[in-house]
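Below is one structure, written out as structure tokens, with a few remarks after it.
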């Protein structure tokens, strides 16, 4: 038994005992829902499946999965959970029962399972909470991980939990991976070889359908000049605005003058810091309004990025110029938009590789390379159109993961659950 595993098994019950009082220190958004974190759900079971997605990004992928599950088992009773209130709100829009997920402590998990009585547990991506898995194993509830991913860093971290955790992973009823690289890492962690397969990323099925050909109309819908092409700087993280402002400023003035730019931070709470970066780099911004005189429109509202991507002629996707792993380049690509992304895109490596191979994405390691990538597409209408068409085709080829996943669950007698 590893020291890390032994410590976790000792500490978790203590945290579970303290959890009711800990609600006083929860965030203002979670405090009214703290009973759900303690495992208290409003509607009793049994349910055919408990489906868990960590946050808003993963919750977006639940819709296509639910549709496929219900097509194979009409009337299935599903309960959806998320760790964040944003994810919970997204799940609420899907219709089935939903709540925040229970804390990973024996008391809260036991209360949740006793109330819900799920016949199956489907976890999305990398939600490996030990006491969830232990309780499900004790109750003989099959657990499958769908759209499973595992970074090298996560593999190393989980490996520190030792042979007991490895044995627990070996009892999973199925592991349906996003990529061949993920599959190899899950097998190294101890996933059962006969029940581990590559099916793709559920998020690809949740991507928007191709945008209308008239980008001018799309620009008008978000309050921009219909007649000028649009560059979107999306999901920006601290440290990236300065770099992108330098790259933008190095472009020929005549080229910059023909374009309008929108910058969208990844998190509104970092907006002031990022705007300060722009100011230090000499880049003017206009907050949520019409930008003029070379200024960027700055929009830090939640939920606006899909509309901008639909209107964009070129997109720069953040999170990969700083060491953050990158954000999803397929979101603009699904709108037929060529993409520039930074070199630190390990969390999106498979998607980036597919887009680069198609000629729809360029990886840029620093300001000079960003400038070169932008100049190539901003100044070449025909090349930009060809790259956009390639982006659409690359995304089209990746769709279908939800259907492949549910087909595999059916082949393994994990669905239908009734």
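Between 138, 344, 327, the GNM of the chain built on Cα springs shorter than 10 angstrom shows 138 fluctuating the most. What does the C-alpha gyration tensor say about the overall shape of segment 215-398? Classify as rounded when a/c is under 1.5, otherwise prolate if a/b is larger than b/c, or oblate. It comes out rounded by the Cα gyration axes. The Stokes-Einstein estimate for the chain, based on a Kirkwood radius over Cα pairs and taken at 25 °C with 0.890 mPa s viscosity, is a diffusion coefficient of 108 µm²/s. Applying 0.36 nm per residue to the separation of residue 31 and residue 304 and subtracting their alpha-carbon distance, the gain on full extension is 95.6 nm. Using the Cα gyration tensor of segment 266-312, with a ≥ b ≥ c the square roots of its eigenvalues, what is the shape: rounded (a/c below 1.5), prolate (a/b larger than b/c) or oblate (neither)? Oblate is the answer for segment 266-312, as a/c is 1.5 or above yet b/c matches or exceeds a/b. Estimated from the Cβ-Cβ distance and a Förster radius of 41 angstrom, the FRET efficiency linking residue 22 and residue 290 is about 0.30.
Among 158, 309, 8, a tally of other beta-carbon atoms within 10 Å of each Cβ gives an order, fewest to most, of 8, 158, 309. The long axis of helix 271-280 is offset from the longest Cα principal axis of the chain by roughly 30 degrees. Spin-label model, residue 226 to residue 253: label points 7 Å out along the Cα-to-beta-carbon direction sit 3.1 nm apart.
If I fit a long axis through the Cα atoms of helix 401-411 and take the longest principal axis of the Cα atoms of the chain, what angle between them do I get, 0 to 90°, rounded to 10? Orientation of helix 401-411: about 20 degrees from the principal axis.
Take the Cα of residue 180, go 7 Å toward its beta carbon, and the backbone nitrogen atoms of segment 333-352 under 15 Å from that spot belong to 350-351. Given in Å, the Rg to one decimal and the Dmax to the nearest whole number for the Cα atoms of segment 75-128 are 11.4, 32.
By count of other Cβ within 10 Å, fewest leading, how are 404, 140 ordered? Listed from fewest to most nearby Cβ atoms, that is 140, 404. Altogether, the Stokes-Einstein calculation at 25 °C and 0.890 mPa s, with the Kirkwood radius of segment 125-250 over Cα pairs as Rh, returns a diffusion coefficient of 135 µm²/s.
Plainly put, segment 17-72 has a radius of gyration that is 1.07 times its Kirkwood radius, both from alpha-carbon atoms, as the Rg/Rh ratio. In the chain, Cα pairs under 8 Å separated by at least six residues give a relative contact order of 14 percent.
Using C-alpha pairs below 8 Å separated by at least 6 residues, the relative contact order for segment 215-398 is 21 percent. Summed over qualifying helices (DSSP H, 4 residues or more, each -39500 (n - 2.57)) and divided by its residue number, the chain shows a 222 nm mean residue ellipticity of -13000 deg cm²/dmol.
Read-outs: derived from the displayed coordinates by stated rules, not from any lab. Small disclaimer: the values here were computed from a predicted structure and weren't measured. Note: ideal-geometry Cβ built from the backbone for every residue, glycine included; neighbour counts use all protein chains shown.
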